[in-house]
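Shown next, in structure tokens, is the structure this report addresses.
The values are calculated or read from the model by the stated rules, or taken from the named source; none is laboratory data. The structure displayed is predicted, hence computed values, not measured ones. Because the Cβ atoms are built from the backbone with ideal geometry, glycine has one as well, and the counts that use them run over all protein chains shown.
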Number of protein chains: 2
Amino acid sequence: MSKSTKPGSGPEKPLATTETSGRRRSTANPKLTISDIARLANVSKKTVSRVINHSGLVREETRDKIMRVVDKHGYTPDPQARALALRRSYLIALISNQPNPQYIVDIQQGILEAMTGTSYQLVVRPCDRSVPTLHDDICEIVTHQKFFGVILTPSISEDDELIGRLRQIECPYVRIAAVSLDTPDNMIETHDYVGAAEAARHIAALGHTRIAHIHGPDSFLSAAERLRGFKVGLAEYGLRIDPRYLLAGGYTFDSGMECGAQLLALAARPTAVFAGNDEMAVGVYQAARRAGLRIPEDLSIVGFDDSPIATRIWPTLTTVRLPIVHMGRIAAQLLISNHDRLAMEPPGATSVMPSLLVRNSTAPLIRE
Amino acid sequence: MSKSTKPGSGPEKPLATTETSGRRRSTANPKLTISDIARLANVSKKTVSRVINHSGLVREETRDKIMRVVDKHGYTPDPQARALALRRSYLIALISNQPNPQYIVDIQQGILEAMTGTSYQLVVRPCDRSVPTLHDDICEIVTHQKFFGVILTPSISEDDELIGRLRQIECPYVRIAAVSLDTPDNMIETHDYVGAAEAARHIAALGHTRIAHIHGPDSFLSAAERLRGFKVGLAEYGLRIDPRYLLAGGYTFDSGMECGAQLLALAARPTAVFAGNDEMAVGVYQAARRAGLRIPEDLSIVGFDDSPIATRIWPTLTTVRLPIVHMGRIAAQLLISNHDRLAMEPPGATSVMPSLLVRNSTAPLIRE
DNA sequence: ACCGGTTACCATAGCGCTATCACACGGATT
DNA sequence: AATCCGTGTGATAGCGCTATGGTAACCGGT
């Protein structure tokens, strides 16, 4: 082990490192504390505390006097000291098992947008639902780090057992999911079925009748919701999915490719495919290419997510977009405003709507 | 101890919310503090502190006795209390202006892997270099949140002025960049030029001579490094880039498409293009399609990054991969071990090598 | 005058940890 | 012996904030 290099002098010379060798930050601009502000404003610390926490019970005159001192010195309370006293940190955790990198980046961006100007910080905690101790691990870290709250994305957001545990430890949370599973205060509802229905109408309106759907895995509620919406949309045109045209994928490129190949090998192959997400849709592109079919002339394809690839690939993919950045923003607003009503305006709505983006992968059915 | 929940009678009834309405976490498993451990082990708090911080100066016998109590109750020190006393939090910030979502997700994953089992938390801080107050903002948050350290990715990692400021406020940092710009302890070097040289050799070995390169923006050091490496690789085959074949892109799909179109419109069009990243490479795909050229028969293309799209698109893209997850992991190890030598093994190496992945977008030159 | 009831504020005790300093103790040096 | 170490340990004072409980000042109503 790397022993301390210079010979000891003071009492208590650490053998290893930490005890006294802790680097000390040079306090260039000597950070003011609440006591300094109190002294400068001729009031007690508690009164300053009341003012910066908007607790009321302070005369306007006193408040103004304190605020002037606070603003003058640009004072902001120390997050750690506050966390210690409140037994609650200003960290918001994003707990997520989303496989889509763009989703992650967008949701983080949205959360951060809502946080700008606050002293909240965003901590990321990806997770793996196959870990048996996951619930315990999450609860452990939430209580130990005293997270202010957590934001959950699909599919971990759909885990009611985990939610039960979070309630038990009184951890505020916001879940993002395709349907409402909770009180509005705890939910962002994405209404995936609306987007899927829109996709169905678009395909049906183009004249297709042999329409296939590759849905996602059961572990994602969105898979079932997109299927449901798709059926609803088709029904409006008096159509339904032939059971042979309904396949289960895994939200992955490979599964899309396999299901696509399977569909295109059918004697009466479908002329349009709605894939549960863009990854699978692009898999179908690949299957179509191998089968020598042109998109959209021979096969129309619709995806879901509006991943970056949707506009990179040719033909560009008709798909459904969710306002993910916005979802992140309102999730954070919900979390913060719900607990700390004076600190932030609550978001207007807790449900968002997907929208269909028609591009070049869909075309009217050509009667043969 | 916590006052029992008797009905509000105390003086000081809050007008608004916060003062007394703060939800109190039910201490299901009454968290032990260092004092409890000290009492149970019949030693002072300080001695317990010494043991859990590996500060030495404790007899082995005493240490074992304390560790037995600690393990028995699963005690872990409170992060906020420790942060307050140490004037340093256990938060590591990822400061990044990377446009590639996969990069972000991977680097986060790597950092988190290194952090598992520690009490460090990862805080994300995307940034925008066009914000004029960026340096001040970063310094402000680093000092105010007392970040343990920061990890910087390209291109913000290449900002020497920012680094100077970080040194000034004594904020530990690790930079990830294409070339060494700092001491090894502060750098992860990605040697982009090695990957680019490899790409050049691959293209040259296929017999191409009319070889183009679309490089990235000057604000990314990787752009210059990839160009440099590419030239070096070509030189080994006695080749060089015709100035007309050297274009400046912006690391975006659109810029790749435009530069691609420009190249393919030349009388003597290039037969191979090395794009500075995959996004631009896919843009060149688009340009080739519009020009009616087949890949790889008429045009070979090589990218850089190995983005998800590289394997989704057809033909799959020959590209250069960087071990981004691994980079994140060693960045975190470097940061933690450098400051806290007993807590983590330092990473073996602080430089990583890119590798060429030959796929289907490159083929031997067909003599016409 | 008195009086409970409110409002505005203060003094101070924590929150859970680390750092400072003191002290006791054995062994080596005067 | 007397003195000096260096080593192991404990009491205690912070770190910067919030919460508790109290005390003045002020209120209208007797």
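State the number of residues belonging to region A:53-82 that are more than 19 Å from A:GLN121 (Cβ to Cβ), in contact (Cβ under 8 Å) with a residue 24 or more places away in the chain and within 12 Å of DNA strand C (Cβ to nearest atom).
Total satisfying the criteria: 2.
Residues that are within 13 Å of another protein chain (Cβ to nearest Cβ) and not β-branched (Val, Ile, Thr): list the helices (runs of 4 or more DSSP H) wholly contained in region A:278-344 that include at least 3 such residues.
A:278-290, A:324-339
For region B:70-106, which residues satisfy the criterion of being aliphatic (A, V, I, L, M) and in contact with a Leu (Cβ under 7 Å, 6 or more places away or on another chain)?
B:ALA81, B:LEU84, B:ILE92, B:LEU94, B:ILE95
If I filter region B:322-340 down to residues being surrounded by fewer than 23 Cβ atoms within 10 Å (Cβ to Cβ) and out of contact with any Gly (no Cβ under 8 Å at 6 or more places or on another chain), which single residue comes out as modelled with the lowest pLDDT?
If we take residues in region B:322-340 being surrounded by fewer than 23 Cβ atoms within 10 Å (Cβ to Cβ) and out of contact with any Gly (no Cβ under 8 Å at 6 or more places or on another chain), then B:ASP340 is modelled with the lowest pLDDT.
Hey, can you tell me all the residues within region B:69-113 that are of a type in the set (Lys, Arg) and outside any helix (DSSP H, G or I)?
Scanning region B:69-113 gives B:ARG87, B:ARG88.
Residues to consider are B:ILE151, B:ILE138, B:ILE111, B:ILE156; find the one that is surrounded by 18 or more Cβ atoms within 10 Å (Cβ to Cβ) and either within 11 Å of chain A (Cβ to nearest Cβ) or modelled with pLDDT under 95 (or both).
Sole residue among the options that is surrounded by 18 or more Cβ atoms within 10 Å (Cβ to Cβ) and either within 11 Å of chain A (Cβ to nearest Cβ) or modelled with pLDDT under 95 (or both): B:ILE111.
Going by the conditions given, is B:ALA261 over 24 Å from B:ARG201 (Cβ atoms), part of a loop (DSSP other than H, G, I, E, B) and hydrophobic (A, V, I, L, M, F, W, C)?
When the stated conditions are applied, B:ALA261 does not pass them.
Tell me the residue from B:LEU94, B:LEU86 that is over 18 Å from A:ILE92 (Cβ atoms), within 9 Å of chain A (Cβ to nearest Cβ), among the hydrophobic types (A, V, I, L, M, F, W, C) and touching a Lys or Arg at 6+ places or on another chain (Cβ under 9 Å), please.
B:LEU86
Regarding region A:49-65, can at least one residue be identified that is within 11 Å of DNA strand D (Cβ to nearest atom), within 30 Å of B:TYR90 (Cα to Cα) and of a type in the set (A, V, I, L, M, F, W, C)?
Taking every residue of region A:49-65 in turn, at least one turns out to be within 11 Å of DNA strand D (Cβ to nearest atom), within 30 Å of B:TYR90 (Cα to Cα) and of a type in the set (A, V, I, L, M, F, W, C).
Somewhere in region A:123-134, is a residue over 28 Å from B:PRO126 (Cα atoms) and either among the acidic types (Asp, Glu) or within 11 Å of chain B (Cβ to nearest Cβ) (or both)?
Within region A:123-134, none of the residues are over 28 Å from B:PRO126 (Cα atoms) and either among the acidic types (Asp, Glu) or within 11 Å of chain B (Cβ to nearest Cβ) (or both).
Give the residues of region A:350-368 that are at pLDDT 95 or above and part of a loop (DSSP other than H, G, I, E, B), sorted by residue number.
A:VAL352, A:MET353, A:PRO354, A:VAL358, A:ARG359, A:ASN360, A:SER361, A:THR362, A:ALA363, A:PRO364, listed by residue number.
Can you name every residue in region A:35-51 that is within 14 Å of chain B (Cβ to nearest Cβ), surrounded by 18 or more Cβ atoms within 10 Å (Cβ to Cβ) and near DNA strand C (Cβ under 7 Å from one of its atoms)?
Matches in region A:35-51: A:THR47 only.
Among the numbered conditions (1) over 27 Å from the mean Cα position of the chain (by Cα); (2) surrounded by 21 or more Cβ atoms within 10 Å (Cβ to Cβ); (3) of a type outside the set (Lys, Arg), tell me where A:ALA265 comes up short.
Among (1) over 27 Å from the mean Cα position of the chain (by Cα); (2) surrounded by 21 or more Cβ atoms within 10 Å (Cβ to Cβ); (3) of a type outside the set (Lys, Arg), the lone unmet condition for A:ALA265 is (2).
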